[in-house]
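See structure below.
The values are calculated or read from the model by the stated rules, or taken from the named source; none is laboratory data. Predicted model, so just to flag it, every value in this text is computed and none were measured. For neighbour counting, all protein chains shown are included, and Cβ atoms are generated from backbone atoms with ideal geometry for every residue, glycine included.
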Amino acid sequence: MKVLRGYGIYLFSLSLLWAFWLQLSAGPPHPVESQQKERPWFLSAESAAELPKFTILDTRTSVNRWKDKVPGSKTISWEDLSRTDVPRKGDLLEIKLVRKKINELGIQENDNILVLGDGNSGWGEEGRIVWSLREAGFKQSFWLDGGFPAYQKQIQKKSDPKQKNKEPILRIDPKQTNPSSAILKEDILKGLPSKQYQILDTREPREFSGATPYGESRGGHIPTAKSFFYQELFDAKGNIKSKSEVESYLKQQGIQKDKPIVAYCTGGVRSAFVVGILRTYGYNAYNYAGSMWEWSHDPKLPLETGN
């Protein structure tokens, strides 16, 4: 009897531990804990040049692609990988469709992909493309910091023919998971009362205050959002600011590093660019791809105007 009683106590203790573990492991779809260090979303030209082999996706404007051609590059736009139907305009296409479109360009999921954008003269399209690719499982996708000038200076004019045989600087574990950095409006709405997320509006200040220059159904910003114009992340030379500079700016905005961040804009382009930088610098950031096109279309969803 003592043996049975002892065994019963043992099972009861195990059940308590299991219940306690379930409570600890339960939580929102996007955990508040800091994520594990992930590979960078953007590379300097020097780092990109050390990749053993890569395909360039040119997402610049047609004028810039014609003016400054990149031999061997593939052309794609963020719209090619996005929905166009209202109110889901701006949302990512089904993952299988994204993969199909990229595979049709002759690119496989394990390939190194370097995305070339317009830098500080653009809208962050390179960030949106990389975000889309990573959501679809193309884990080795990066955008080039500095845009075409950086490509021209460090990659196009590279003269060392043995460079391609060098060991890559990015040792990517193929078994490493590909964490999603997407969030839905339902998650944001559910988290508003408890201020579960730190929300960044990456649009222009005039948009944050209520202007609707890009087709939003209503003006304003999501409650509790802070104005965080994406252009603030570029330095005077058109390169992405350093980690310390970005962290300093975030602190000025009252953003904490140990609490999840949600970024949005009009259609999830500028916000994806910001998310890529923040995740590279160790922040737990998520892109709301539907952004204001989707949010403002639903009259039941709250909006605030003014600064």
Inset, instruction - Identify the single condition in (1) buried (at least 16 other Cβ atoms within 10 Å of the Cβ); (2) farther than 18 Å from Gly124 by Cβ that Ser291 does not satisfy, given that it satisfies every other one. - result: (2)
Inset, instruction - Report yes if Lys226 is within 18 Å of Ala285 (Cβ to Cβ), out of contact with any strand residue (DSSP E or B) (no Cβ under 8 Å at 6 or more places or on another chain) and either surrounded by fewer than 22 Cβ atoms within 10 Å (Cβ to Cβ) or not assigned by TED's automatic domain parsing to the domain that holds Val262 (or both), otherwise no. - result: no
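If you go through segment 232-255, how many residues are surrounded by fewer than 11 Cβ atoms within 10 Å (Cβ to Cβ) and of a type outside the set (A, V, I, L, M, F, W, C)?
4
Do any helices (runs of 4 or more DSSP H) lying entirely in segment 70-162 carry at least 1 residues that are charged (D, E, K, R) and out of contact with any Ser or Thr (no Cβ under 9 Å at 6 or more places or on another chain), and which ones are they?
Correct list: 95-103.
Quick check: is even one residue across segment 232-239 in a helix (DSSP H, G or I), aromatic (Phe, Trp, Tyr), touching a helix residue (DSSP H, G or I) at 6+ places or on another chain (Cβ under 7 Å) and assigned by TED's automatic domain parsing to the domain that holds Ile199?
No, segment 232-239 has no match at all.
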Inset, instruction - Could you please give the count of residues in segment 55-69 that are surrounded by 20 or more Cβ atoms within 10 Å (Cβ to Cβ) and modelled with pLDDT under 95? - result: 0
